[in-house]
Amino acid sequence: MTETFYEVMRRQGITRRSFIKFCSLTAASLGLAPSFVPRIAHAMETKPRTPVIWLHGLECTCCSESFIRSAHPLAKDVVLSMLSLDYDDTLMAAAGHQAEAIIAEIRQKYKGNFILAVEGNPPLNEDGMFCIHGGRPFVEVLKETAADAKAVIAWGACASWGCVQAAKPNPTRATPIDKVITGKPIIKVPGCPPIAEVMTAVVTYMLTFDKIPELDRQGRPKMFYGQRIHDKCYRRPHFDAGQFVEEWDDEAARKGYCLYKMGCKGPTTYNACSTVRWNGGVSFPIQSGHGCIGCSEDGFWDKGSFYDRVTGINQFGIEANADKVGGTAVGVVGAAVAAHAAVSAIKRGRTKQTDGDSQDK
């Protein structure tokens, strides 16, 4: 019988206190109220670990690298114990026919109850021969395995959108997995790579509530992809004030002004980088001085230079008046000061008139 998550933790010497702390921090990372902590704890104490088959298509393994570096306090001990990671050709010791036999066993033993995690995408040109998995085209293995899965997680921009492999002219016809898998719920967790804590939180949510998280219209979990990076960026006040970096390493850059004019894609990119951040919440690209390149958005490689300004956005402070917003802000402030002075003068005049009338009486 498959062990529960809690049983694995106890076997590894994790105390009950640390377990509850883990559940509390998990609830916080998922944006859930403290009242959900007991539910998370109960699920991890009673439910068997979810069997997972993790496949790799055309990709660079950066999603796996991100996943195993989750900075959650207990990540180094238990992040892989949340799942029964039965197959992952990057991390597993088995190889060759022994490894391929595991896929067949999991598909048969846990049919309809395992999660298929996919990193990378299938190339469709030349009958899929640009990516061979166990002697067969990866696209065949992907379709075959997905048919028996409970749900599918598309890790990263490669699986979600195609990423650089699908950039023009795309000679291999690299294709997002939702274009070849049908009839199964697919949770897209885009990014190049996705944030480690976002990846583990999505898995924890599915384990706890036995359902997929609420998704946006593009299939991404709303809890992490419901807001633009721009909305919670710590440089946003500079944007609204018309204070922009004009050249790399200029005085404005040293002061931490907005990077919009340097090509930052934060205003059009939906992700949790500005809130969850990277490297254990230490920083994210914008904080380190480089604009967002929009790596969690569809087709970001083909949307022009990473250093061209975002276009086609109609809201205060962007594009149409980025060069003028500073002057406009000054004008608005000046007008407000003038209006305040005028009102004050009128009030003083009325006060004097009232005092004069009182004296006449």
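The values are calculated or read from the model by the stated rules, or taken from the named source; none is laboratory data. In this text the structure is predicted, and so the values were computed from the model without any measurement. Note: ideal-geometry Cβ built from the backbone for every residue, glycine included; neighbour counts use all protein chains shown.
Residue count for region 1-14 satisfying the condition of being touching a helix residue (DSSP H, G or I) at 6+ places or on another chain (Cβ under 9 Å) and outside any helix (DSSP H, G or I): 5.
The residues in region 93-131 that are surrounded by fewer than 12 Cβ atoms within 10 Å (Cβ to Cβ) and either outside the structural domain of Lys184 (by TED's automatic domain parsing) or not in a helix (DSSP H, G or I) (or both) can be counted, and the count is 3. Pairs meeting the criteria (first residue in region 288-309 and farther than 23 Å from Phe224 by Cα, second residue hydroxyl-bearing (Ser, Thr, Tyr) and buried (at least 18 other Cβ atoms within 10 Å of the Cβ), beta carbons under 7 Å, at least 6 apart or on different chains) are Arg309/Tyr260.
Checking each residue in region 27-62 for being in contact with a His (Cβ under 8 Å, 6 or more places away or on another chain) and part of a helix (DSSP H, G or I) picks out only Ser29. Counting only residues that are among the small types (Gly, Ala, Ser), surrounded by fewer than 19 Cβ atoms within 10 Å (Cβ to Cβ) and under 29 Å from Ser66 (Cα atoms), region 236-279 holds 3 of them. For Ser288, are the conditions met, namely being in contact with a Phe, Trp or Tyr (Cβ under 8 Å, 6 or more places away or on another chain) and either basic (Lys, Arg) or not in a helix (DSSP H, G or I) (or both)? Considered against the rule, which asks whether it is in contact with a Phe, Trp or Tyr (Cβ under 8 Å, 6 or more places away or on another chain) and either basic (Lys, Arg) or not in a helix (DSSP H, G or I) (or both), Ser288 comes out as no.
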